[in-house]
Amino acid sequence: MDMETITSIKPLLATVTPLLCILLIILSRRIPNLRELWTIIASLVTFSIVASMVKTLYTGKVIAYKLVEVYPGIDVAFRVDAFGLFFALLSSFLWIVVSFYSIGYMRSLNEHSQTRYYAFFAVAISSALGVAFSSNLFTLYLFYEILTVCTYPLVTHNQDNEARSSGRIYLGYLLGTSVAFFLPAILFTYYFAGTLDFSLHGILNGKASNGMITFLFLLFLFGIGKAAIMPFNGWLPRAMVAPTPVSALLHAVAVVKAGVFCQLRVYFNIFGVELLHNQNLDIFLIYFVSITILLGSLFALKQDDIKAMLAYSTISQLSYIILAAGLYSYHGMLGGVVHIVMHGFGKITLFMCAGSILCGAHIKKISRLGGIGRRMPITMLAFFFGALSVAGIPPFGGFMSKWFLALGSIEAHQWPILVVLLTSTLMNLGYFMPVVFISFFGKDSESVKRDPDIREPSPFIVAPLAFTALVSLAIFFYPYPFIRLAEIFVKSMMGG
Amino acid sequence: MTDQAPILVILFPLMFAFVTPLLGWWKKDLCYPWVLCGLSLSTIFSIITLKEVLNTGVIHYHLGGWDPPWGIEYVIDHLNSFILVLVASISLLVAIYSKRLVKEENPEKEAYFYTLFLLQVTGFLGIVATGDLFNLYVFLEIASLAGYALIAIGEGQAPFATFRYLVMGTIGACFYLLGVGYLYMVTGSLNMADLSQILPNLYHSKVVMVALIFFLVGVAIKMALFPLHAWLPDAYTYAPSATSALVAPLMTKVSVYVMIRIIYTVFKPYYSIEILPVNLILGWLAVIAILYGVIMALRQVDIKRMFCYILIAEIGYMVGGVGLANRLGLTGAILHIMNDALMITCLFLVAGAVVYKLGGHNINQLRDAFKKMPFSMAAFAVVGLSLIGVPPTCGFFSKWYLILGAIEAENWIFIVALLLSSAINAILFFKIVEIAYYGEASHDHNEDSNGGNTIDEAPVSILIPLGVVALAIILAGIFSGKIVSGIIQFAVPPNL
Amino acid sequence: MFDFIVGKYNYWIYIILMMIGFYAMMSKRNLIKKIIGMNIFQTAIIIFFISIAAKRGATLPILEHAHDGGEHAIEAISYINPLPHVLMLTAIVVMVATLGVALAIVLLIYKKHGTLEEDEILKKIEFQE
């Protein structure tokens, strides 16, 4: 891309730090306190490395680092632009929060194989950062696949029959789509464009016939299964069999956001928004994902399992983000990109609350939540905050991104999308508010009555979720540095 | 010494083979270090040869000082110096690995086993080094005869399976010899370089055409190309572990090398493209071999037999790459010779470790193997990912080149076969992983594995080669760009 | 047509021998018969090689006047081609080695299964499984 480039080893360091931490985790596997300390230290170090790049990006420069050439003209290389840093900042920050949460959660449930759990968690974060910092489609694919594989032991952590069948579905969807669609799409892209490097205005413009562009577009749309666009969404609700911290960080933030991040990367920097617009693929895209937005919310309405409801809600919200590539307007793009962060904070709060309810009250079903808010007020208040943010109610972060998306759909003259957004918001309230209501004002359910021991679990669990709940409130008033990074990115694509 | 390096590579195993039985009479325990010594020397000289070729270009070594085309000439170019290193180093690793296995599987007969082992390696190296068609036949038979004997000492129905292999192998060798006779009849020469000069004037001749067909059928039997593969699964399944780890990866790869030599060196590339549509037929056979191999592998409950069918499918990859008859395809095929040799070696090394520790090669014996043998299974995970084609393992890059080549040749069916086989390999791999990871159905949930006291890993002499090969699979992937631009691009005929 | 058959009789002989060997290898049930078929197959190839070396009216390639070759020009046409013979010497060695290995394996099979009939061995293997 045509911006000033600085060579720096920082992106490599940020990606490698979690990997180094694995070694320490394994070495200190017999001393749990030390083992968890390494995770926390690694998460803090990783975050500070990532955060140290923000200043450089503000000045309009990009950071690049080339690792090794694997094919003439194709490198494993890092390149940090505003969008990548935006995602990396979110993932690495939330890793700190979830690390604390993991300690509380895993210990209170006395889970087995915790060393393996922390080790693969670190690999997952490392590859999520790798996705964020990729400078070309090849590197992106590399980390995308590692992310798929290394989350398998996390998803199937329970190692029982349910985990086994969920694990099959998880890998079946993610590996299947990536091998069958994503990989051929990359190869065809390389064949036509002669390069895989991300570029501001895409690399495919004028390189292939219109039919081929459409074909490639479809391959990418279905190939990046992590974005959970219908009909390839089946894996996400099934992946909820994982321990809650995994669902929280990976299936609300790192993995699924890596999916939408890849989708947006491809649309922005491989196709280019102009190309999509000229071929009317943007219109197709927004209406196609609208189906997912509406159906996802609809399915969420009828779930009784808390995590399943959250999973469907995630599926729906992910497609909001993809709208960014289809709404050919400044605010549309900005809204989609910013929604990555806003939804991230909201949804991780909700997941951590679900885990907290599981630890404190051993309840998984919504129908049994009656009266629980009176016993676990902090958790349920945080749940309320998170729900409002995800639904997009001011003064929470989620409102900001939805506002931008709504503005964008008006700018792009796509009125039906505005209707979709509003309908979905109503449905969001429709499935979140009853939970909050019955937990505070409903009658005590059977399970709550029977169990006098229900109370807030350990502070390691409660503090992180209270923190992210407050962040989703605070981020409405102080959305920097995220919004600034998103603005830099969107402006650079709109041609300054 | 260095100008004698090409012949020393072959002479060391040969000479050491003659001394091995004598040494065995005196002191049995000396055989193992003796073999390692011989193969190390061979490996060192193969590396010296490779360096020499990279620095100064093609080496012509005249045996006994007789000038070609009358004398036997060894022509070491980029293609075979590369494969020499591969063959020598893999046999060295397998020799290291064989220590405990030979003692256990063929007690009291180590000396004879190692004699045959060295003779077989001599055969492989000779086939690769020679520039003379008849000399190649002799080495082919040395390798095959040693192979028959090594396989026949295996378990169960090994002798009968070997007998079938012997009959098929002899037919293959005889066909090859007939091909030599037909070419000699019309040209009066046996030297490959000489033949490639003389032959173009005779391309209209039916004799030449028949010769090529005999060559290819003969070599196809030796490499077990579909539909001439029937001997392979039985023979390699019942062979001793160390034997199958040596024969399975190398015999087939060396045969593929011979096929490339004949199609692209002895004959000019355009002969098999324009005059006799061999490449077309090879392409189709490759597709069928790939699909047949992976589907049959899916049905197996014996892991060694499953690996045999995977091998049959992998041969399809290479033959398909040869059949694409363009630069990228052939590059992919040559790269895959290396990658596949590593992967198949690793598979059979794992199989041997499993046989050694868990007592059999039925898939159900792998229960809980991840707990018992974490290192062996980690190596298996690496090779599994490579077979699926997950970057950065080397299997991804072979596919990368092959698919790009297929796009260029517009051979869509081959792309579909490659992708489909990736998907089925994924199923295969996770079928094994599931069994090894989940273990017994009555899994104790709260069992704390942190103690790790159930580890019952294979001995170090097995783990070291296994680790080296697994690491090589990853490194070969990361540095595949360097390998291609440094070596393989010179190995592909320039006019292709 | 007649010329085609009689004029190239050496090739016909080799092809017929090869087919006999091939037939025996493929369809005989007894392993020893298979080995015999294999030998016939290999012998056919030897005959083929030897026959391509032959020339009408030529003699053994032994140069009587090698020392003063200058006075007696060597006419290649009057000597048969020695090279295929040499090649076949090697091939015979390979053949014998193959035969040896094959017989050894047959001994092993007999020890293990107690018979040399292919179908009986197959039945026994199936029975074991």
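The values are calculated or read from the model by the stated rules, or taken from the named source; none is laboratory data. Keep in mind that what you see is a predicted model, and the values were worked out from it rather than measured. When we count neighbours, we look across all protein chains shown, and the Cβ atoms used for this are built from the backbone with ideal geometry, even at glycine. Protein only, heavy atoms only, side chains kept; ligands, DNA and RNA dropped before computing areas. Shrake-Rupley method; radii C 1.70, N 1.55, O 1.52, S 1.80 Å.
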Zone of A:Leu37's modelled label, taken as backbone nitrogen in region A:93-128 under 13 Å from a point 7 Å along Cα→Cβ: none
Interface size A-B, as summed buried accessible area [1.4 Å probe, Å², nearest 100]: 3500 Å²
Solvent-accessible area buried by C and B, counting both chains, probe 1.4 angstrom, square angstrom: 3000 Å²
Proximal lysines relative to B:Lys99, as straight alpha-carbon distance under 16 Å, when same-chain residues fewer than 8 apart are discounted: B:Lys27, B:Lys28, B:Lys109, B:Lys357
Delta accessible area of at least 20 Å² on complex formation, residues of region B:462-496, 1.4 Å probe, chain isolated as reference: B:Ile478, B:Gly481, B:Lys482
Peptide-level mean, for A:150-160, of C-beta atoms on other protein chains within 10 Å: 2
Binned Cα-Cα distance frequencies in chain B - 20 Å width, integer %: 25, 59, 15, 1
Residue-averaged 222 nm ellipticity for chain A, from DSSP H runs of 4+ at -39500 (n - 2.57), nearest 500: -23000 deg cm²/dmol
For B:150-157, mean number of other protein chain Cβ atoms within 10 Å: 3
Summed side-chain charge close to A:Ile224 - residues other than A:Ile224 whose Cβ falls under 14 Å, Lys, Arg +1, Asp, Glu -1: +2
Surrounding net charge for A:Arg484, when Lys and Arg each add one and Asp and Glu each subtract one, Cβ distance under 15 Å: +1
Degrees between helix B:303-324 axis and first principal axis of chain B (Cα, 0 to 90, nearest 10): 30 degrees
Separation of alpha-carbon centers, region A:1-67 and region A:362-391, rounded to whole Å: 35 Å
Charge-dipole axis of the protein assembly as shown as Lys and Arg at +1 and Asp and Glu at -1 on Cβ define it, positive-most pick from B:Leu150, B:Asn495, B:Phe16: B:Leu150
Lysines with Cα under 18 Å of A:Lys257, excluding same-chain neighbours fewer than 8 positions away: A:Lys226, A:Lys307, A:Lys347, A:Lys402
Shielding by other protein chains, A:164-170, mean Cβ within 10 Å: 2
Modelled FRET efficiency - R0 22 Å, A:Glu411 with A:Asn205, Cβ distances, 0.05 increments: 0.45
At most 12 other Cβ within 10 Å, DSSP loop - trypsin sites (Lys or Arg not before Pro), region A:427-486: A:Lys443, A:Arg455
Protein-only accessible surface order, largest first, of B:Met259, A:Met433 at 1.4 Å: A:Met433, B:Met259
Alpha carbon centroid spacing (whole Å) that separates region B:58-83 from region A:446-473: 77 Å
Estimated inter-spin distance, B:Tyr203 and C:Val6, nm [label 7 Å along Cα→Cβ]: 3.9 nm
Helix axis angle, B:158-187 relative to chain B longest principal axis, alpha carbon, degrees: 20 degrees
Sparsely packed chymotrypsin sites (Phe, Trp or Tyr not before Pro) within region B:271-339, loop by DSSP, other Cβ within 10 Å at most 12: none
At least 50 Å² of accessible area lost relative to the chain alone, listed for region A:35-70 with a 1.4 Å probe: A:Val68, A:Val70
Proximal aspartates and glutamates relative to C:Lys123, as straight alpha-carbon distance under 13 Å, when same-chain residues fewer than 8 apart are discounted: none
Cα-Cα P(r), the protein assembly as shown, percent of pairs per 20 Å interval: 12, 37, 30, 16, 4, 1, 0
HN-Hα J in Hz across region A:468-476 - Karplus 6.51, -1.76, 1.60, θ = phi - 60°, x for Gly and Pro: 5, 5, 5, 4, 5, 7, 5, 5, 5
Helix-only CD estimate at 222 nm, as mean residue ellipticity for chain B, using -39500 (n - 2.57) per DSSP H run (n ≥ 4): -25000 deg cm²/dmol
Carbon/sulfur fraction of accessible area - the protein assembly as shown, other protein chains in place, 1.4 Å, %: 67 percent
Per residue value of the accessible surface for region A:279-496 (all protein chains in place, 1.4 Å probe), Å²: 36 Å²
Overall form of region B:131-173 per C-alpha gyration tensor (a/c, 1.5; a/b vs b/c): oblate
Simple Cβ-charge dipole of the protein assembly as shown, Lys/Arg +1 and Asp/Glu -1, about Cα centre, in debye nearest 20: 2400 debye
Stokes-Einstein D for region A:279-496, Kirkwood Rh over Cα pairs, 4 °C, 1.567 mPa s (µm²/s): 73 µm²/s
Local electrostatic count at A:Ala258 - Lys and Arg +1, Asp and Glu -1, tallied over other residues with Cβ under 15 Å: +3
